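First up is the structure itself, then whatever we jot down about it.
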Amino acid sequence: MNILFEEDGIKAAKILADNNTSLQIELPHGKRSKIKSSQVLLRFELPDPGMLLDKAQSLSQSIDPYFLWECADPEFDFLSLAQDYLGKPADPVTACAILMTLYKAPTHFYKKGHGKFKTATPEALQSALASQERRRLLDLTIQNYTEQLISGQLPPEFEAQLKKLMFAPDKTSPETKAIDQASQLLGMTATDLFRHCGAIPSEYQWHLNQFLWEYFPGGVDHTHEVIDLDLDLPASTVSAFSIDDASTTEVDDAFSVLNLENDKWQIGVHIAVPALMPPGCLWEATARKRLSTVYLPGDKITMLPPEAVALFSLEEGTTRPALSLYFDFAADGSITKTRSELNFIHILANLHIETLDPLFETNDNNLFSHPFGPDLNILNQITLKLEAARNPSGKQTQFIDYNFYVNHDRINIIRRQRGTPIDRIVSELMILANTTWAGMLAKAQVAGIFRGQKNGKVKMTTHASPHQGLGVNHYIWATSPLRRYADFYNQRQLLSLAGYQNPSSSENPEELYSLLHDFEQTYDAYAQFQRKMEKYWCLRYLLQENLHQVQGTVIKEGLIRLDNLPLVLKVPGTGETLVGQPVCLSIGQIDLLELTVQTHLI
């Protein structure tokens with residue numbers, strides 16, 4: 001005796017033993033098992049189980065489920081439907097074929113129990129069939145897209161949503177499903193598939209667009225606004241000059257030097273004051289959203305719109321409002337007097353680091369022949385003493401930095417020695433200003449975004465704390481308000497001390513915490529993007545100069561820093577015994593999308 005039964009579908013088997021409530025059976029492929037008697041749908045003698053399923057499967061192909069649906073009662077069992085279908089009691093093959101047809105047509109029939117079914121209502125059937133047709137057409141669309149992608153063609157329907165498909169794909173969309181299928185069939189990543197289809201003509205634009213999609217979804221253009229500053233401020237009795245890279249367009253800071261009697265000097269640190277813009281204006285809203293200027297070789301995305309930069313930047317030949325700190329220095333380098341003032345300052349010149357560094361590399365006559373040579377010499381002497389006071393150990397950090405210059409898609413990477421006198425002048429005066437203003441906010445108990453360092457870890461906080469790396473008791477960022485929103489915020493707080501603004505967030509700590517978190521996250525993301533693009537241009541440089549061999553130094557097992565580029569590469573075969581040793585590398589294939597390069601030791 002044989003049976004037809006349900007167990008993860010329809011199965012047929014030979015009965016080996018019938019124990020009333022259970023059966024010992026043998027399936028067509030020889031496997032033996034035990035099932036409950038309640039699972040049995042039909043008992044039959046012939047044909048054998050394997051032949052029954054084969055014949056029923058073949059017969060089922062010719063049975064129209066819609067015809068069965070028209071014939072069936074609202075609720076029925078498969079044997080009664082098979083009898084109605086034949087007009088007589090059904091043989092095992094036909095009964096099994098009918099059952100298979102019912103299983104294959106869930107749109108027409110709903111399973112209600114052991115061998116029992118319910119017919120779908122006409123409305124439900126029509127809806128299910130329409131859905132089934134949509135699914136069929138969708139599958140055809142996905143198949144068509146997949147075939148085009150495999151052949152190296154980008155479907156025209158992809159054009160309007162290309163960036164979304166690349167950077168934020170909807171996993172349920174037919175386009176994304178086609179991309180997934182084509183990628184799997186070709187054995188490549190989705191990015192490589194886009195490249196295969198010619199959808200990435202520029203690796204540079206691909207990296208940039210990926211960043212913009214996440215952080216500037218509305219584009220990088222600024223909202224136009226006109227602000228008329230009607231300021232009644234005193235004019236400073238001194239004029240100032242700035243020191244920046246030649247490429248700087250947002251001049252935040254400038255310096256002044258005034259000779260006092262008895263070998264005393266007044267040094268002024270003058271900071272642009274964008275925080276004078278009306279609170280809540282569009283310019284500030286944009287700055288709060290962007291939080292920082294984005295820097296990348298050959299380009300940048302400014303935090304503030306060009307009109308705001310033009311209004312506040314300390315450009316050569318202009319007179320601008322400035323938040324000024326004046327320090328009176330005695331002959332021994334000690335500070336005898338400090339005052340902070342909001343005033344107008346005239347900018348005599350924008351000096352460039354590239355032209356100033358050589359002045360300190362030759363004799364004093366070269367320095368003093370420069371129009372600002374005497375002032376620079378005084379700043380050099382004073383900042384040497386400031387550094388010594390901050391850093392009694394005398395340890396100085398000098399390292400190699402690099403400047404990137406992009407011109408007509410060609411890259412020039414120039415080494416720059418850090419820790420030079422000009423670097424020290426700028427950094428020490430900025431540290432002095434930021435430390436002084438941090439102390440003012442802390443003493444007045446006005447909210448601020450402070451920076452502290454403990455055990456080598458730097459973090460931003462809402463309260464003043466020591467910065468061990470700088471050797472100061474408290475520290476903020478307040479000297480780059482055109483470029484960083486943390487500085488802009490702190491400047492507004494400093495203006496409140498002088499009665500020019502109402503302090504922000506002092507009554508709403510949640511707002512300050514939110515700002516601090518947003519700034520840290522965004523600033524880190526921008527910095528990571530800058531490093532990524534610098535790596536891109538370093539690899540471009542290797543290709544541009546057709547370099548097949550380069551020199552480097554093993555800095556860690558498996559990592560080599562190139563000698564003349566700010567680039568660290570992973571290189572197999574560099575064990576701990578080679579750390580600190582010079583090596584020569586062979587440069588192989590470079591992938592500007594994945595930012596990888598094949599290398600091996602020579």
Quiz item: Taking every pair of alpha-carbon atoms in region 235-525, what share in percent sits in each 10 Å bin, from 0 to the bin with the longest distance?
Solution: 6, 26, 37, 24, 6, 0
Practice problem: Could you state, as a whole-number percent, how many of the C-alpha pairs of region 2-120 are farther apart than 17 Å? | Solution: 53 percent
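Let me know the charge dipole size of region 124-201 about its Cα centre in debye, to the nearest 20, where only the beta-carbon of Lys, Arg (+1) and Asp, Glu (-1) is charged. Provide the component values of the computation, followed by the final result.
Numbers: 8 positive and 9 negative charges, 32 e Å.
Its charge dipole is roughly 160 debye.
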Quiz item: Pick the calculated Cα Rg over 2.2 N^0.38 Å for this structure from (i) 1.17; (ii) 1.01; (iii) 1.53?
Solution: (iii)
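Given the DSSP H assignment, sum -39500 (n - 2.57) over each helix run of at least 4 residues in the chain and divide by its residue total; what's the result at 222 nm in deg cm²/dmol, nearest 500? Write down the numbers at each step before the final one.
Details: 17 runs with 224 residues, N = 602.
When only DSSP H runs of four or more count, the value is -12000 deg cm²/dmol.
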Practice problem: With N set to the residue count of region 547-601, report its C-alpha Rg divided by 2.2 N^0.38 Å to two decimal places. | Solution: 1.04
Quiz item: Taking a point 7 angstrom from the Cα of R561 along the C-beta vector, which residues in region 396-433 have backbone N less than 19 Å away?
Solution: 396-404, 413-420
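When only DSSP loop residues count, what GluC sites (Glu not before Pro) in region 243-309 have their Cβ near at most 10 other Cβ atoms within 10 Å? Please report the intermediate quantities before stating the final value.
Numbers: sites: E250, E261, E284, E307; in loops: E250, E261.
Taking region 243-309 and a limit of 10 other Cβ atoms within 10 Å, the loop GluC sites (Glu not before Pro) found are E261.
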Quiz item: Quick one: Karplus J couplings for region 23-30, per residue in order, coefficients 6.51, -1.76, 1.60, θ = phi - 60°, nearest Hz, x for Gly and Pro?
Solution: 10, 8, 10, 10, 6, x, 8, x
Quiz item: With each label point set 7 Å from Cα along the Cα-Cβ vector, what nm distance links A349 and L601?
Solution: 5.1 nm
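Please return the longest stretch of the chain lacking exposed loop sites, where trypsin sites (Lys or Arg not before Pro) count only if DSSP places them in a loop and at most 13 other Cβ atoms lie within 10 Å. List each step's numbers first, then the result.
Working: sites that count: K31, K171, K395, R418.
Segment 172-394 is the longest.
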Practice problem: Work out the length of the dipole vector of the chain about its Cα centre, built from +1 on the beta-carbon of each Lys and Arg and -1 on the beta-carbon of each Asp and Glu, and round it to the nearest 20 debye. | Solution: 1900 debye
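What fraction of the Cα pairs in region 189-259, stated in percent, has a spacing above 20 angstrom? Kindly include the intermediate steps, with their values, before the conclusion.
Details: 1662 of 2485 pairs.
Tail fraction, whole percent: 67.
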Quiz item: How far, in degrees from 0 to 90, does helix 92-103 lean away from the longest principal axis of the Cα atoms of the chain, to the nearest 10?
Solution: 30 degrees
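How large is the Kirkwood hydrodynamic radius of region 368-417, in angstrom, based on all distinct alpha carbon pairs?
Hydrodynamic radius (Kirkwood, Cα only) of region 368-417 equals 14.1 Å.
Classify region 226-321 from the C-alpha gyration tensor, please: rounded if a/c falls under 1.5, else prolate or oblate depending on whether a/b exceeds b/c. Please report the intermediate quantities before stating the final value.
On the way: a/c = 2.69, a/b = 1.54, b/c = 1.75.
It is oblate, given that a/c is not under 1.5 and a/b is not larger than b/c.
Could you compute how fast region 47-94 diffuses translationally, taking Rh as the Kirkwood radius over C-alpha pairs and applying Stokes-Einstein at 20 °C with viscosity 1.002 mPa s? Give it in µm² per second.
Working: Rh = 11.5 Å.
Estimated diffusion coefficient is 186 µm²/s.
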Self-check item: Listed residue (M100, T191, A128) projecting farthest to the positive dipole end of the chain, Cβ model
Solution: M100
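Kindly provide the chymotrypsin sites (Phe, Trp or Tyr not before Pro) of region 391-454 that DSSP labels as loop, not H, G, I, E or B, and whose Cβ sees at most 11 other Cβ atoms within 10 Å. Present the calculation step by step, with values, prior to reporting the outcome.
On the way: sites: F399, Y402, F404, Y405, W437, F450; in loops: F399.
Hits after loop and neighbour filter: F399.
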Exercise. Two decimals is fine: what's Rg over Rh for region 124-201, C-alpha atoms, Kirkwood radius as Rh?
Key: 1.06
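Where a number appears in this text, it was derived from the coordinates with a stated rule and is not lab data. This structure is a prediction, so every number in the text was calculated from the model and none was measured. Virtual Cβ from ideal backbone geometry, glycine too; neighbours counted across all protein chains shown.
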